[in-house]
Amino acid sequence: MNQGARIIQVYQVQAKAEDYRVVAVLESHAEAEEAVKSLQKNGIDLKKCSIVGKENLTGEHVTGYYFSGDRISYWGKLGAFWGGLWGLVGGSGYFLIPGVGAVLVAGSLVAAIVGALEGAVVVGGLSALGAGFYNIGIPKDSVVEYETAVKGDRFVVVVHGNSAEVSKAKGILESVAVDENNVQTVQVGPLPIKIL
């Protein structure tokens, strides 16, 4: 994966005829925030979204994770970003993953990571994050790409749904404002789709 290139891929989960995923790799929390706002503004159900990013503990900012009522809260450099996401997407987590680092996750990917950890279902050579991606229908050969993106301080946004929902989400994710000289869209198949 080229540094600075945006990757957007669509996958169809083979076992389920109308179950798709679109995955976007974004450069910054600002891009990820813009993507989520655009998805919401255009009618995508944010309960069908997941966002993952790495926490960079520099020692320059106080960072804290705490429960406030029935949800986790975050206090730190990106507190407003993660706190807002966790309130919208239904699912929040903080994981310290060997080889990846401190990772913040919002959405259904949290349950997939926890499921992998609880069931000790870590797929051959993948981290807990990789196993989470795999458990939500991302093929193993693409999982490493997304783990690498997170390690490189990029953000991964996943939207799941039927073909119409995912096609719409793909268009929205492609339109998030970025430097057009640094955009790479990977198309697989007619939708584009990669069959698992």
Open item on the list: Restricting to segment 26-84, and then to whatever is within 19 Å of Ser108 (Cα to Cα) and of a type in the set (Lys, Arg), can you tell me which residue is modelled with the lowest pLDDT?
Closed with: Arg71
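Kindly state which helices (runs of 4 or more DSSP H) lie completely within segment 97-196 and contain at least 2 residues that are under 17 Å from Glu31 (Cα atoms) and modelled with pLDDT of 90 or more.
Helices (runs of 4 or more DSSP H) meeting the threshold: 140-151, 163-175.
The values are calculated or read from the model by the stated rules, or taken from the named source; none is laboratory data. These numbers come from a predicted model, not from an experiment.
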